[in-house]
1. Hey, among A:LEU240, A:LEU222, A:LEU188, which residue is assigned to a helix (DSSP H, G or I), in contact (Cβ under 8 Å) with a residue 12 or more places away in the chain and within 14 Å of chain B (Cβ to nearest Cβ)?
2. For residues in the stretch A:138-176 being open to solvent by less than 20 Å² (accessible area, probe 1.4 Å) and without any contact (Cβ under 8 Å) to a residue 12 or more places away in the chain, which is farthest from B:ALA72 (Cα to Cα)?
3. With (1) more than 16 Å from ligand 2 (Cβ to nearest atom); (2) at pLDDT 95 or above as the list, and B:LEU45 as the residue in question, which single condition is left unmet?
4. How about the stretch A:254-285: which of its residues are surrounded by 11 or more Cβ atoms within 10 Å (Cβ to Cβ), more than 21 Å from the chain's Cα centre (by Cα) and among the aromatic types (Phe, Trp, Tyr)?
5. I'd like to know if the stretch A:200-208 contains one or more residues that are under 16 Å from the mean Cα position of the chain (by Cα), away from every other protein chain (no Cβ under 14 Å), closer than 30 Å to B:ALA108 by Cα and of a type in the set (Gly, Ala, Ser).
6. What helices (runs of 4 or more DSSP H) completely inside the stretch B:24-126 contain at least 3 residues that are crowded, with 18+ Cβ neighbours inside 10 Å?
7. Which of the strands (runs of 3 or more DSSP E) contained wholly in the stretch B:138-236 include at least 3 residues that are within 14 Å of chain A (Cβ to nearest Cβ), within 16 Å of ligand 2 (Cβ to nearest atom) and at pLDDT 95 or above?
Amino acid sequence: MLEQLLASVIDGLLLGFIYGLAAMGLTLIFGVMEVINLAHGPIMALGMFGVYYLSMEMGLNPYLALILVAVLGMVLGLVIYGIAVHRILDAPELSSLLATFSVNMMIIGLGTAFFTTSPYNVEFSMGSLSLGPIILPWNRVASAIIAVAATALLYFFLYRTPPGKAIRAVSQNRDAAELMGIPSTTMLALSFGIGSMLATVAGGLVATLFSFTILSGATYELKSFVIVVLGGLGNPAGALVGGLILGVMEGVIPVFIETSWVPVIEMVLFVLILLVKPQGLLGAK
Amino acid sequence: MAVLEVKNVSSGYGEVQILWDVSLQLEKGKLTSMVGGNGVGKTTLMRTIVGLLKPWQGSIMFNGKEVTKLSAHTKAAEGIVLVPEGRQLFTDMTVYENLELGAFSPRAKANFSRNLEMVYEMFPRIKERLNQLTGTMSGGEQQMVAVGRGLMAQPEILMIDELSLGLSPLLVLDLFQILLRLKGEGYTILLVEQNVQMALAISDYAYVVADGKIELQGTSKEVANNAHVREAYLGI
Ligand SMILES: Nc1ncnc2c1ncn2[C@@H]1O[C@H](COP(=O)(O)OP(=O)(O)O)[C@@H](O)[C@H]1O
Ligand SMILES: [Mg+2]
């Protein structure tokens, strides 16, 4: 029992890093431009299909494919920003929800046409890692390591590089940033690109672990929302912590009750946090 | 030579016109003051000059080149720098990061070390607190960081909106000393200041703004001796 619990906790933690990475994409965009990106899930799904095509159809190593997927995710984000997001930044919140939801519908529509809604699988295994009684598939370990590395890179970028600092400046005070010569529109576009990139990379990592359809993004989008509320809206560190909490819950809950209870408990937690601590466990940005 | 020339500019917010046909010139190396009561449009004019607001009419020339429609970040990068009312620091960032962001443009980056030395020397207090988040500083310290950040931007024109608002008399004196020193070093400055007497005492030229129009202008001495100004703004 104890061993099983420990294995579940570790399993959950590993998955939690990927959840955290996905949620960071969502929370970064919100933190910088106060847009809730309702296309987050479908963008993740595109990341899944990106890794699938590059690895299964074109024979690339899935982790190598991830690099290309990241680049494509950035480009996709820049395009979405230019077409759908930029013009509604100063409009009432409902406009940005509708705009990103429209993008969501378009991706799902096109995706269904191309890929249908049947499940896909990135078939690829690297064996397992045994730590005493605990056996971990290398896929899981590697995805968690990549998620951690991506998180570290994001932090390095935001806190140590001029464009990263400029993005933080724009998120804190857009007018003041302009007054310092920072092209704020470029920085907003870049943030959306990075948010989208994080979503596709997280999606790509998920694809190396589970089978998926074009609709799979919705589940992860919902998880990202729970995580973001858990960790504090607009707070990337909070997203990481929230991701780990959610991952561990998903690992541990099935040890005690049926798996189908997991989403119920997640949503109850979501509502509870909103009621009791709406600024999230770590506080908003 | 006029570094900045504002010609017949009108501007406002949404449908509401605030500035009416305003013209103003800044001479190189001179300290120019803009005075006037609350809500007459001084901040609006500064925001229009830097490009945070788009002029409805009129033109703005910078070193003889038209910059009327340029974006705020482009103008800032060329040296039209505003230390805004209420300081507008990046409050979740450290003093050092704020100074660093002041020098974002290539022009400013090229002079980074020299400007940083100057800022440290002018404001020893902020040098001691480089790693403090600016949101946790007192009003006076924040104003020093705001001026320091503006200087890091390598200004051709330094505009300061409400230098001393809400600060203790001692700090106000300190900041005016700094201003005098900047003037001595040849900076071209446009100052908005509610302490009209002090502003007129240190500036070369002055504009009096009322109801979104230039009501009066002249050398500071002329303006200070104007009967209307003495009664309305100096309380003499
Ligand atoms: N963001 C804004 N939206 C609408 N009206 C504004 C805004 N900011 C200032 N105003 C109005 O513009 C007028 C001039 O304000 P301002 O330029 O701030 O004056 P001053 O700096 O001289 O005190 C005031 O009537 C003020 O209410
Ligand atoms: Mg003002």
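The values are calculated or read from the model by the stated rules, or taken from the named source; none is laboratory data. Since the model is a prediction, treat every value here as computed from it, not as a measurement. Cβ placement follows ideal geometry from the backbone for every residue including glycine, while neighbour counts extend to all protein chains displayed. These accessible areas exclude ligands, DNA and RNA; they are computed on the full protein's heavy atoms, side chains included. Shrake-Rupley method; radii C 1.70, N 1.55, O 1.52, S 1.80 Å.
1. Numbers: A:LEU240 fails: within 14 Å of chain B (Cβ to nearest Cβ); A:LEU222 fails: within 14 Å of chain B (Cβ to nearest Cβ).
Every option except A:LEU188 fails the conditions.
2. Step by step, filter the stretch A:138-176, then rank; the result is A:GLY164.
3. Of everything listed in (1) more than 16 Å from ligand 2 (Cβ to nearest atom); (2) at pLDDT 95 or above, B:LEU45 misses just condition (1).
4. Passing the criteria: only A:TRP261.
5. Taking the stretch A:200-208 as the starting set, the residues that turn out to be under 16 Å from the mean Cα position of the chain (by Cα) are A:200-208.
Pick out the ones that are also away from every other protein chain (no Cβ under 14 Å) and you get A:200-208.
Checking the rest, the ones that are also closer than 30 Å to B:ALA108 by Cα come to none.
Checking the stretch A:200-208: not a single residue is under 16 Å from the mean Cα position of the chain (by Cα), away from every other protein chain (no Cβ under 14 Å), closer than 30 Å to B:ALA108 by Cα and of a type in the set (Gly, Ala, Ser).
6. Details: elements: B:42-50, B:72-78, B:95-102, B:106-109, B:112-122.
Because the criterion is at least 3 residues that are crowded, with 18+ Cβ neighbours inside 10 Å, the helices (runs of 4 or more DSSP H) in the stretch B:24-126 that meet it are B:42-50, B:72-78, B:95-102, B:112-122.
7. Numbers: elements: B:157-161, B:188-192, B:205-210, B:213-219.
Output list reads B:157-161.
Each row is one residue, and each column tells you yes or no for (1) among the charged types (D, E, K, R); (2) free of Cβ contacts under 8 Å to residues at least 40 places away in the same chain; (3) within 16 Å of ligand 2 (Cβ to nearest atom).
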position	(1), (2), (3)
B:VAL22	no, no, yes
B:MET34	no, no, yes
B:ILE49	no, no, yes
B:LYS54	yes, no, no
B:GLY64	no, yes, no
B:GLU78	yes, no, no
B:THR91	no, no, no
B:THR94	no, no, no
B:SER105	no, no, no
